[in-house]
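Enquirer: Starting off with a structure, shown below.
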Amino acid sequence: MRKVIDILRLAEAAIAREDGITLEDIKHLLRIRTRTAQRHARLFEAAFPAVEKRKDPDRTRWWKLRHEPLVRYQGIRDSELASVETAIMRARQHGSPLEVHHLESIRDRLLASMTPMEARAIRHHAKAVMEARGEACRPGPRARTNCDVLSVIDEALKTCMCLVISYQGEKNNTACERTIEPYGLIFGIREYLIARDPEKDDKMRRFRLDRIASIALADRPFAKDPDFDLRAHAARAFGSYYREEEYGPVAWQFSPEAAVVAREFEFHPEQVVTDTEDGGLIVRFEASGWLEMAWYLYKWGDGVVVLEPKGLADLVEAHRRDDFPSFP
């Protein structure tokens, strides 16, 4: 029965993906090794004779399905519904109302494709799966997000339209109107809109969502810079806040005791980790945002020393404690 479900999963992917699937895709989708993936590929070919097969010049093999009624009427499995429900819950806890709305829409559409009796059974089984897994919660404070603001931003991002916002800056309490070109959102301790203000310059700026007093679509499209990479831009900051003059090399040295826990973390997507002779750990990366780094480093007490930059080292030195009962 497991193999039947696996082959149907390959059929789904072979239809859904524009170019089809490769052997590497099969290994990733089913979490199996190369020899097992090869056997599954042969079973897939036998189960779906209409599959299109091709081989690239580099000898990569592809399998592509165009139309397969058997796949269309599968519905949704209880474990899949449980994963969707978990994703909805996590999005809600992370303060991402748009993701909650879209995931709920996907869930409802999938369940609507089934008979009422089948849908009730799937819901019942999914609830049992979630209870067995344990509900994932994210305690602690988080910024509140205005759903109306997010909805307008979402529409602007999809249509490449400018936004007219009334924005309150950091240095004064007076909101001013600005017309900006939106490029994406970054979620963290605070939520930021990444956008250009063409009336000022071509630099990407971060606008805190909680400081947007009003927002509306402008009747003006704009052409996005094709070279802009939101992930790369986000990686320039340690958290959600970015400050140009603070960007540069960062190095933290964890004590042998703290290193045991620190090895379980990824502090930055481009970090370089080095073990020290005494069993400690040095983590290096390039980023900005000393204040958010200081907030985070406080949790480690005296288990971490800032090697660079000096400004960050000065910021945290007086607040390193030795009486915390555990590391993060």
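Enquirer: Quick check on the stretch 168-176. Is at least one of its residues exposed (fewer than 14 other Cβ atoms within 10 Å of the Cβ), assigned to a strand (DSSP E or B) and out of contact with any helix residue (DSSP H, G or I) (no Cβ under 8 Å at 6 or more places or on another chain)? Please lay out each step first, then the result.
Expert: Residues of the stretch 168-176 exposed (fewer than 14 other Cβ atoms within 10 Å of the Cβ): 169-174, 176.
Narrowing further to those that are assigned to a strand (DSSP E or B): 176.
Now restrict to residues that are out of contact with any helix residue (DSSP H, G or I) (no Cβ under 8 Å at 6 or more places or on another chain): 176.
Yes, the conditions are met somewhere in the stretch 168-176.
Enquirer: Hey, among ALA313, ALA262, which residue is free of Cβ contacts under 8 Å to residues at least 12 places away in the same chain, surrounded by 15 or more Cβ atoms within 10 Å (Cβ to Cβ), over 26 Å from LEU98 (Cβ atoms) and not assigned by TED's automatic domain parsing to the domain that holds ILE165?
Expert: Sole residue among the options that is free of Cβ contacts under 8 Å to residues at least 12 places away in the same chain, surrounded by 15 or more Cβ atoms within 10 Å (Cβ to Cβ), over 26 Å from LEU98 (Cβ atoms) and not assigned by TED's automatic domain parsing to the domain that holds ILE165: ALA313.
Enquirer: Only one of these is part of a loop (DSSP other than H, G, I, E, B) and more than 17 Å from ALA235 (Cα to Cα): ASP154, ASP201. Name it. Steps first, please.
Expert: On the way: ASP154 fails: part of a loop (DSSP other than H, G, I, E, B).
Selected residue: ASP201, the only one of ASP154, ASP201 that is part of a loop (DSSP other than H, G, I, E, B) and more than 17 Å from ALA235 (Cα to Cα).
Enquirer: So, of the residues in the stretch 43-63 that are charged (D, E, K, R) and in a loop (DSSP other than H, G, I, E, B), which turns out to be surrounded by the most Cβ atoms within 10 Å (Cβ to Cβ)?
Expert: Among residues in the stretch 43-63 that are charged (D, E, K, R) and in a loop (DSSP other than H, G, I, E, B), the one surrounded by the most Cβ atoms within 10 Å (Cβ to Cβ) is ASP56.
Enquirer: Of all residues in the stretch 1-42, count the ones that are in a helix (DSSP H, G or I), of a type in the set (D, E, K, R) and in contact with a helix residue (DSSP H, G or I) (Cβ under 9 Å, 6 or more places away or on another chain). Step through it out loud before you land on a result.
Expert: Keep residues of the stretch 1-42 that are in a helix (DSSP H, G or I), which gives 2-16, 23-30, 34-42.
Still in the running and of a type in the set (D, E, K, R): 2-3, 6, 9, 12, 24-25, 27, 35, 39, 42.
Restricting the remaining residues to those that are in contact with a helix residue (DSSP H, G or I) (Cβ under 9 Å, 6 or more places away or on another chain) gives 3, 6, 9, 12, 24-25, 27.
So the answer is 7.
Enquirer: Restricting the search to the stretch 149-169, which residues are on the phi < 0 side of the Ramachandran plot, of a type outside the set (A, V, I, L, M) and touching a residue at least 12 places away in the same chain (Cβ under 8 Å)?
Expert: Passing the criteria: SER151, ASP154, GLU155, THR159, CYS162, SER166, TYR167, GLN168, GLY169.
Enquirer: A further question on this structure: Given the conditions (1) surrounded by 15 or more Cβ atoms within 10 Å (Cβ to Cβ); (2) at pLDDT 75 or above; (3) in contact with a strand residue (DSSP E or B) (Cβ under 7 Å, 6 or more places away or on another chain), report the number of the one that HIS101 does not fulfil.
Expert: Checking HIS101 against (1) surrounded by 15 or more Cβ atoms within 10 Å (Cβ to Cβ); (2) at pLDDT 75 or above; (3) in contact with a strand residue (DSSP E or B) (Cβ under 7 Å, 6 or more places away or on another chain), the one that fails is (3).
The values are calculated or read from the model by the stated rules, or taken from the named source; none is laboratory data. Quantities reported herein were computed from a predicted structural model and do not represent experimental measurements. Note: ideal-geometry Cβ built from the backbone for every residue, glycine included; neighbour counts use all protein chains shown.
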